[in-house]
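Before any comments, here is the structure.
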Amino acid sequence: SVAAGTASTVSALGTDTNVDLSLLPKGTGSVLVGTWGSAQVTQVAAGSYADVTINAQKGAINVPNFAIVQGSAFLINLTNNKLYDTANPRSLLCSIGRGGNTINSAITTQTDVGNGSALIHVMSGSTTVLNGSITVNFLVI
């Protein structure tokens, strides 16, 4: 038994090398995954890219100043030691957290995931300029 507000730690034991683990939280609890990290990029523009290193399973990339028009994108090259195993490919899930952007229509896609890095495309899904600040949240699974 663990007190409310305290996370339980669970790991698979035994001599086998590949052991699945299913987690089911209780009540309104949630499953917490891995370590967390964050980074901030400098000002970016359409067609540019920023290099970011966050060696954590989940995190946030803060983008304080940007301006992109419909169909344009800027790229974030995320280096992450959790994206390493080509024999057991990892997936990168991303979402946009709205900061001070003028329109809530940023879109992300990910390419080249694996071997320690991923390329995250942040695009405008709007017919007008998307500018301001956003946070790109990610989870490696």
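The values are calculated or read from the model by the stated rules, or taken from the named source; none is laboratory data. Every value quoted in this text rests on a predicted model; they were computed, and no experiment measured them. Cβ: placed from backbone, ideal geometry, glycine included. Neighbour counts: every protein chain shown. Side chains included, ligands, DNA and RNA excluded: accessible areas come from the protein's heavy atoms. Shrake-Rupley method; radii C 1.70, N 1.55, O 1.52, S 1.80 Å.
What the table shows:
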{"item": "Test set (1) under 30 Å from G71 (Cα atoms); (2) of a type outside the set (F, W, Y); (3) modelled with pLDDT of 80 or more - G27 fails condition number", "result": "(1)"}
{"item": "Matching residues, segment 12-24, being open to solvent by less than 100 Å² (accessible area, probe 1.4 Å) and under 20 Å from K82 (Cα atoms)", "result": "A12, V19, L21"}
{"item": "For I61: the one exception among (1) of a type in the set (V, I, T); (2) surrounded by fewer than 17 Cβ atoms within 10 Å (Cβ to Cβ); (3) at pLDDT 75 or above", "result": "(2)"}
{"item": "In segment 42-58, the residues that are part of a strand (DSSP E or B), at pLDDT 85 or above and open to solvent by less than 30 Å² (accessible area, probe 1.4 Å)", "result": "A50, V52"}
{"item": "Any hit, segment 25-41, residues being out of contact with any Asp or Glu (no Cβ under 9 Å at 6 or more places or on another chain), of a type in the set (D, E, K, R) and open to solvent by 80 Å² or more (accessible area, probe 1.4 Å)", "result": "yes"}
{"item": "Considering residues of segment 68-95 that are open to solvent by 50 Å² or more (accessible area, probe 1.4 Å) and assigned to a strand (DSSP E or B) only, the residue nearest to G37 (Cα to Cα)", "result": "T79"}
